[in-house]
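Reading through the structure tokens given below for one structure.
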Amino acid sequence: MDRENLEKAVINLEPKACGCAKTDRAAVEVPVEKLIELMRRLKSDDKFAFNMLLDHTAVDRIAEGKFELVYNLYSIVHGHYLMISCSIDRNKPVVPTVSGIWPIAHWQEREVFDLFGVLYDGHTDLRRLFLEDDWNGFPLRKDYSDPDMLTFET
Amino acid sequence: MGLITDKLPGYLEHVPGGSILITSIDAIMNHSRANSLWPLAFGTKCCAIEMLMATGAPHQDTSRFGTEVARQTPRQADMMIIAGAIVKKMALRMRLLYEQMAEPRYVIATGSCAISGGPFMYNSYTIVRGADEIVPVDVYVPGCPPRPEAFFWGLLTLQKMIKQGESIRHPDIRKKPVLARLPHGIKSEDIHRQIRELLEQENCVDVVKEARRKIWAAKVDEWIEKTSKKQS
């Protein structure tokens with residue numbers, strides 16, 4: 001499916017979702033409550049068949065007080081891409097895990113937890129991935145500070 | 001080797017003519033050390049791929065300088081080539097590898113990341129700003145990444161340092177070679193003249209202006225004004 005048809009089909013599937021105009025590829029924004037349900041159907045539905053989670057990452061929107069979680073999906077069967085994003089509260093960053101749907105999400109969610117401190121509800125092994133186990137804070141948050149860090153002011 | 005380096009100087013000092021013998025032993029040992037450096041390629045980033053692998057390849061051949069025996073174990077190496085940025089998690093491992101290396105050990109830091117942190121110096125939560133904060137570095141090779149020729153320049157500098165440096169009397173003290181030479185067409189008299197001109201310019205003082213320029217001058221003026229008002 002091309003971009004417009006794909007966005008329309010996803011919005012038909014989940015009426016609370018809305019399209020994003022700014023992106024290069026098909027992109028859809030969903031509320032957190034509907035995330036898991038939509039993901040499950042996107043994978044199992046033959047029309048979409050998104051059987052690969054390419055990437056999962058987060059964006060710290062500190063001005064709005066939100067984390068934007070980004071899921072990049074790819075279908076090997078149809079060869080189309082889709083970007084799903086959902087915003088969660090920055091002070092209470094809890095989101096249900098998608099590792100039950102795509103097992104690779106185990107690692108990607110651990111990485112996002114390591115660097116942003118997003119907590120995944122239902123994740124079986126939520127530990128730090130890259131940093132040391134006794135690291136304080138989450139370094140990719142915009143308000144992170146470190147005594148060893150040399151800050152550059154323009 | 002332990003016998004020669006540890007005990008020989010103590011015995012020979014008392015023998016007449018012994019110090020001459022020690023000096024010639026030094027020369028032989030330094031010559032052989034300088035020409036059979038076994039490298040430990042500690043490559044953590046792009047410097048290792050762009051520069052270090054190119055130097056090992058046949059086009060620029062490190063075995064011309066006697067440093068081709070690359071064993072990937074620190075216990076058989078005596079020259080560590082740090083190529084790439086060092087992060088906090090890697091720093092412990094690098095120190096461990098350095099301490100496992102055979103003595104005497106030498107370190108070359110190549111590329112701006114290994115020298116100072118390079119482009120990751122600011123606002124990075126994980127960089128170590130310079131490999132010399134973890135291990136002592138003998139030669140720095142700047143560049144991002146350096147050309148293989150630059151690396152060979154560093155290698156030859158290290159060999160020069162080893163050849164003229166250590167003595168078995170003081171095994172841990174090294175003399176670094178001073179390589180500064182004046183660029184072509186500049187004489188030392190020119191530099192002297194320029195420095196003299198600058199100094200003369202700087203030391204030509206307008207006393208009144210200089211007194212106004214100081215920070216306290218304004219405060220003293222204020223103070224004088226206040227006191228004169230009170231008196232009137």
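The values are calculated or read from the model by the stated rules, or taken from the named source; none is laboratory data. The model shown is predicted, which means the values in this text are computed figures rather than measured ones. Don't worry about glycine lacking a Cβ; one is built from the backbone with ideal geometry, like all the others, and counts go over all protein chains shown. The accessibility values were calculated without ligands, DNA or RNA, using every heavy atom of the protein model including side chains. Shrake-Rupley method; radii C 1.70, N 1.55, O 1.52, S 1.80 Å.
So here's what we get for this one:
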item	result
Computed label-point distance, nm, for sites B:Gln231 and B:Asp190 using a 7 Å Cα→Cβ extension	5.9
Sum of side-chain charges, B:Ala217 neighbourhood, beta-carbon under 12 Å (Lys, Arg +1; Asp, Glu -1)	+2
Sites A:Asp133 and A:Glu153 - FRET efficiency at Förster radius 30 Å, r taken between beta-carbons, to 0.05	0.40
Value of [θ]222 nm, deg cm²/dmol, for the protein assembly as shown, DSSP H segments ≥ 4, -39500 (n - 2.57) each, nearest 500	-10500 deg cm²/dmol
Residue-normalised accessible area of the range A:22-95, given per residue in Å² at a 1.4 Å probe	51
Sites matching chymotrypsin sites (Phe, Trp or Tyr not before Pro) across the range A:41-137 that sit in DSSP coil, with at most 13 neighbouring C-beta atoms within 10 Å	A:Phe130
Whole-angstrom gap from the range A:39-69 to the range B:134-200, using each part's C-alpha centre	55
Per-residue ³J(HN,Hα) for the range A:2-12, Karplus 6.51 cos²θ - 1.76 cosθ + 1.60, θ = phi - 60°, Hz, x for Gly and Pro	7, 4, 5, 5, 5, 4, 4, 5, 5, 5, 4
Pairs beyond 25 Å (Cα-Cα), from A:Lys8/A:Lys34; A:Lys16/A:Lys142; A:Lys16/A:Lys66; A:Lys22/A:Lys92; A:Lys66/B:Lys89	A:Lys16/A:Lys142; A:Lys22/A:Lys92; A:Lys66/B:Lys89
Burial ranking of peptide ranges B:23-30, B:42-49, A:32-39 (average Cβ count within 10 Å, highest at the top)	B:42-49, A:32-39, B:23-30
Residue-span extension gain [B:Val220 to B:Asp206] - 0.36 nm each, minus C-alpha spacing	3.1 nm
Two-site FRET efficiency, A:Leu13 against B:Lys89, from Cβ-Cβ distance with R₀ of 45 Å, rounded to 0.05	0.55
Loop-resident sites, the range A:100-154, for trypsin sites (Lys or Arg not before Pro), counting at most 14 other Cβ within 10 Å (DSSP)	A:Arg127, A:Lys142
Proximal aspartates and glutamates to B:Lys229, defined as alpha-carbon separation beneath 16 angstrom and excluding residues fewer than eight positions away on the same chain	B:Asp221
Spin-label model distance (nm) - B:Glu133 vs A:Ser44, 7 Å beyond Cα toward Cβ	5.2
Relative contact order, percent, chain B [alpha-carbon distance under 8 Å, six or more residues apart]	17
Environment charge at A:Gly100 (Cβ cut-off 14 Å; Lys +1, Arg +1, Asp -1, Glu -1)	-1
Accessible-area composition of chain B, carbon plus sulfur, in percent [1.4 Å probe]	59
Gaussian network model of chain A, springs between alpha carbon atoms under 10 Å - residue of A:Pro103, A:Pro15, A:Pro31 with greatest fluctuation	A:Pro15
Area hidden from solvent between B and A (accessible, protein heavy atoms only, 1.4 Å, total, Å²)	1100
